[in-house]
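A.B. asks: Sharing a structure, written as structure tokens. Questions coming.
The values are calculated or read from the model by the stated rules, or taken from the named source; none is laboratory data. All of these numbers come straight from a predicted model, not from anything done at the bench. Here the Cβ positions follow ideal geometry from the backbone for every residue, glycine too, while neighbour counts run over all protein chains shown. Quick note on the areas: whole protein, heavy atoms, side chains included, nothing else; ligands and nucleic acids left out. Shrake-Rupley method; radii C 1.70, N 1.55, O 1.52, S 1.80 Å.
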Amino acid sequence: MQELPEVTDPRIIDGKKIAQGIEADVKRGVEEFISEHGIRPALATILVGEHPPSKLYVKLKHWACKRVGIISEDHKLPQETTQEEIIGLIATMNKRPEIHGILVQLPLPGHIDEREVMMQISPKKDVDGFNPLNMGKMLIGREGFVPCTPKGIIRALEESKIDPHGMEVVVVGHSNVVGKPAAIMLLNRNATVKVCHVYTKDLKSHTVEADILIVATGVRGLIKADMVKEGAIVFDVGITWQDNKVYGDVDFDDVLPRVGLISPVPGGVGPMTIAILMEHTLMAARMQR
Ligand code: GUN
């Protein structure tokens, strides 16, 4: 795996350091939970198929569980698993009281309707925040379990003492996992939010207006310096694997001289996403007691 360079530039958001802070709090919370209830919080992950990046992400999530003292249960299913079989496994996890959080790693194979699967996860165990009840609560400003990546972005803004209230935010990418929930969560904090995507006609005309730019497209190096406002805060959520290395959606070296703050890839939102997942699993365990 790629080594993360030490972050010394104050313009670079150190996602690993923020994640370590969150994980330290979760670890303390887990110990407290165990002494109060005599059981350990537990997360079940479900991975379908052989998508190499997904296998790595699930492994990283299990390692994080180990670091904070959460039990993790690993369910690996073959590519040809049917939707009914996945739903059956989720139903079993929903019923088991010793399992507090359920995570189905996305993407799922093409023959499976991800939305249907997400609907089956009990909202109380939905640590990824993808169940429509939790998504709907977020939409009306009652944020409970929300998607982990956008919550990591909000946490990074808080750490940097940046209040998005009244700021111009541009989100590039309209996925259910990042783009849409990021837009809603910033709207909940009174930012002026615009969502661009693959069908947006003149992307640059929008991105240059952004005080906060969030990019989650999976297109390596999409964002160049001339697309970024001077002093902008840039969150790069893109991940493209090439020759065993990861690259973001932002041309980092090109953009760095223009920005106020930037999250790098790797070492930016990735570690924060996993730390928030740990926080959510502890939160789920507390809610179920
Ligand atoms: N695939 C990409 N990001 C995520 C995530 O945050 N959660 C899950 N379950 N799958 C993902």
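A.B. asks: Rg/Rh for the chain: what does it come to with C-alpha atoms and Rh from Kirkwood?
C.D. replies: 0.96
A.B. asks: On to the next question. Please work out the average accessible area per residue across the range 1-66, using the 1.4 Å probe convention, and give it in Å².
C.D. replies: Counting only protein heavy atoms, the per-residue value for the range 1-66 is 57 Å².
A.B. asks: Looking at the range 74-173, what % of the alpha carbon pairs are farther apart than 19 Å?
C.D. replies: 52 percent
A.B. asks: At 1.4 Å probe radius, can you tell me the per residue accessible area of the range 248-289 in Å²?
C.D. replies: Counting only protein heavy atoms, the per-residue value for the range 248-289 is 32 Å².
A.B. asks: Scaled to the compact-protein estimate 2.2 N^0.38 Å, what is the alpha-carbon radius of gyration of the range 150-289, rounded to two decimal places?
C.D. replies: So the range 150-289 has a normalised radius of gyration of 1.04.
A.B. asks: For the range 47-140, what % of the accessible area comes from carbon and sulfur atoms, probe 1.4 Å?
C.D. replies: 60 percent
A.B. asks: Expressed as a whole number of Å, what is the distance separating the alpha-carbon centroids of the range 83-133 and the range 1-55?
C.D. replies: 21 Å
A.B. asks: Okay, moving on. Considering only protein heavy atoms, what per residue accessible area in square angstrom results for the range 203-243 with a 1.4 angstrom probe?
C.D. replies: 42 Å²
A.B. asks: Please list, in chain and number order, the residues 5+ apart from Val104 or on another chain whose amide H is under 5 Å from its amide H, with Hs placed from the backbone.
C.D. replies: The list, which skips near neighbours in sequence, is Ile46.
A.B. asks: Could I have the simple spin-label model distance between Glu158 and Asp9, label points 7 Å from Cα toward Cβ, reported in nm to one decimal?
C.D. replies: For Glu158 paired with Asp9, the spin-label model returns 2.7 nm.
A.B. asks: What distance in nm lies between label points placed 7 Å from Cα along the C-beta direction at Lys95 and Leu56?
C.D. replies: Between Lys95 and Leu56, the simple spin-label model gives 3.8 nm.
A.B. asks: Order the following by accessible area, largest value first: Ile99, Ile87. Probe radius 1.4 Å; ligands, DNA and RNA are ignored.
C.D. replies: I get Ile87, Ile99, largest accessible area first.
A.B. asks: At a probe radius of 1.4 Å, what is the per-residue accessible area of Ile34, in Å² to the nearest 10?
C.D. replies: 50 Å²
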